[in-house]
1. With a cut-off of 8 Å between alpha carbons and a minimum separation of six or more residues, what is the relative contact order of the range 320-450 in percent?
2. Which value, in debye to the nearest 20, describes the size of the charge dipole of the range 110-311 about its Cα centre when Lys and Arg Cβ atoms bear +1, Asp and Glu Cβ atoms bear -1, and nothing else is charged?
3. As a test, work out the antiparallel percent of DSSP beta bridges whose residues both lie in the range 320-450, rounded to the nearest 5.
4. Out of all DSSP beta bridges in the chain, what portion is antiparallel? Express it as a percent rounded to 5.
5. Using the charge dipole of the range 322-453 (Lys, Arg: +1 at Cβ; Asp, Glu: -1 at Cβ; taken about the Cα centre), state which of His379, Ile390, Asn351 has its Cα farthest towards the positive end.
6. Within 15 Å, Cβ to Cβ, of Glu42, how many net charges do the neighbouring residues add up to if Lys/Arg are +1 and Asp/Glu are -1?
7. Work out the charge dipole of the chain with +1 on the Cβ of Lys and Arg and -1 on the Cβ of Asp and Glu about the Cα centre, then indicate which of Ile172, Ser24, Ser152 is farthest towards its positive end.
8. Could you give the dipole magnitude of the chain about its Cα centre, charging the beta-carbon of Lys and Arg +1 and that of Asp and Glu -1, in debye to the nearest 20?
Amino acid sequence: MYFTKEDIKNKKITIIGLKKSGYSAAILAYSFGAEVFVSDCEDDNDTRDNYNKLIKKGIQCEIGKHSERIFNSNFWVISPGVPKDIDIIRKAGKLNISILGEIEFASKFTDKPIVAVTGSNGKSTTVNILFEMLKVGGYKPLLAGNIGKPFSKGVYEFLNDLIEVDIIILEISSFQLEFIDQFRPYISLYLNITPDHLDRHNSMEEYLRMKLKMIKNMKEDDFIVYNKDDKIINKSFEDTAPNKISYSLKEKNKFFSLNSTKIYDDNLESFIAIKDILLKGNHNLSNLIASATVAKILNIKNKNIKSVMEQFTGIKHRLQFIRKLKEVTYINDSKATNISSVIAAIKSFNNPIVLLLGGKNKDSDFRLLLPHAKRHVKHIVSFGEAGGEIATAIGDAVRLNIMSSLNQAVASAHKIASPGDIILMSPGCASFDEFNNFEDRGEKFIAMVNELN
């Protein structure tokens with residue numbers, strides 16, 4: 001069911017959360033004539049800036065509290081940062097107030113085909129690869145969701161003819177799937193499932209259940225694309241849907257397969273040499289094959305897929321080269337917020353690594369790093385709230401020193417490193433103990449590194 005002006009006009013809509021997603025949902029709802037009220041219990045720089053902007057537009061808001069007014073509403077829209085088990089959510093349920101996630105809400109304003117990408121790692125890289133493949137293939141894609149631009153903002157822009165869009169690519173997190181009702185992608189891409197966000201979801205079973213909500217409304221002509229090399233995902237799709245297409249680095253695939261040196265097309269003809277792909281690492285090969293599989297479903301020509309594979313260099317804050325100073329290479333991998341991402345980053349380099357690891361723990365088990373750190377990492381500098389936990393988990397397996405902040409960690413790593421080393425900031429934790437988000441952490445790291453001499 002899609003919203004019309006009549007469905008929204010004069011409806012009382014409460015939006016919980018006033019960061020990017022909540023702000024964008026408020027603008028979209030208000031543009032359709034809704035009576036919007038936005039509430040956020042936080043009062044920080046971001047919420048205050050957005051509060052001031054919405055008040056100027058005539059949209060009513062409150063920050064620093066949730067008043068009783070939030071319950072005087074036809075339905076709620078929830079930002080992804082709001083957990084589903086807090087008191088106000090429970091009370092809204094008892095009052096039979098419908099609750100929509102921001103992704104669900106925005107999807108009700110459009111019938112354009114959606115490619116939704118989820119997984120524990122590689123989402124941002126994959127959606128950016130896919131965006132480039134569709135763009136060179138003649139589509140006008142919108143890239144939104146967890147990647148940076150909220151879905152509501154993108155919908156507002158194309159409904160008001162500010163951008164041209166004929167297909168939507170969404171990066172979807174488990175948080176954004178908690179309040180899914182009728183959301184229905186045309187193609188659902190599953191990359192991998194590893195322990196992540198267990199501080200919010202409490203168990204792997206619950207985390208996986210959230211991820212699988214993405215396909216709850218799937219129809220016969222929709223597609224699932226999934227990573228057969230991931231045991232959890234492979235098992236999850238054993239008995240689902242006729243239109244499911246797997247991809248693998250180890251087995252023959254429907255569209256693109258590979259050996260140790262080349263990728264082959266569906267006619268088993270040589271497609272591209274792996275050495276000609278700029279994006280290094282097996283995890284990125286998997287992301288490229290996943291993207292190419294979706295591109296083939298959407299009838300993108302092989303030459304366009306190949307050109308992106310040859311030219312795509314990666315995304316900001318994901319294994320991003322910053323500079324080389326005194327023969328030491330500095331790499332920003334701030335987007336690595338879980339252990340699996342750190343392992344993938346470590347395995348991408350052959351040189352000795354000084355690893356900057358820390359931040360706010362998301363209930364991760366840092367002992368999972370041990371087999372990989374012993375082989376690839378010569379020194380760990382832990383920092384932030386999780387610094388002590390990391391030191392306890394690593395023990396004396398790898399040399400380690402603890403710093404209270406990222407700034408101190410950078411200075412320490414700078415002293416420790418020798419010519420030929422890589423200083424890799426791949427924190428394996430959330431950023432919220434010290435920074436607004438992983439982008440903020442990455443930008444601050446870049447600035448710190450550029451100040452070194």
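Just so it is clear, none of the values below were taken in a lab; they were calculated from the coordinates. On a predicted model such as this, the values are computed, not experimentally measured, just so you know. Note that we place each Cβ from the backbone using ideal geometry, even for glycine, and neighbour counts take in every protein chain shown.
1. Values: 283 pairs, mean separation 49.9, N = 131.
In percent, rounded to a whole number, it is 38.
2. On the way: 27 positive and 26 negative charges, 82 e Å.
That gives a dipole near 400 debye.
3. On the way: 6 of 24 bridges.
In the range 320-450, approximately 25 percent of DSSP beta bridges are antiparallel ones.
4. On the way: 11 of 67 bridges.
Of those bridges, close to 15 percent are antiparallel.
5. It is Asn351, whose Cα lies furthest towards the positive end.
6. Values: positive: Lys19, Lys20, Arg48, Lys65; negative: Asp40, Asp43, Asp44, Asp46, Asp49, Glu62.
Here the charged neighbours net out to -2.
7. Projecting each Cα onto the dipole axis, the largest value belongs to Ile172.
8. Details: 61 positive and 55 negative charges, 142 e Å.
Using only the charged Cβ atoms, the result is roughly 680 debye.
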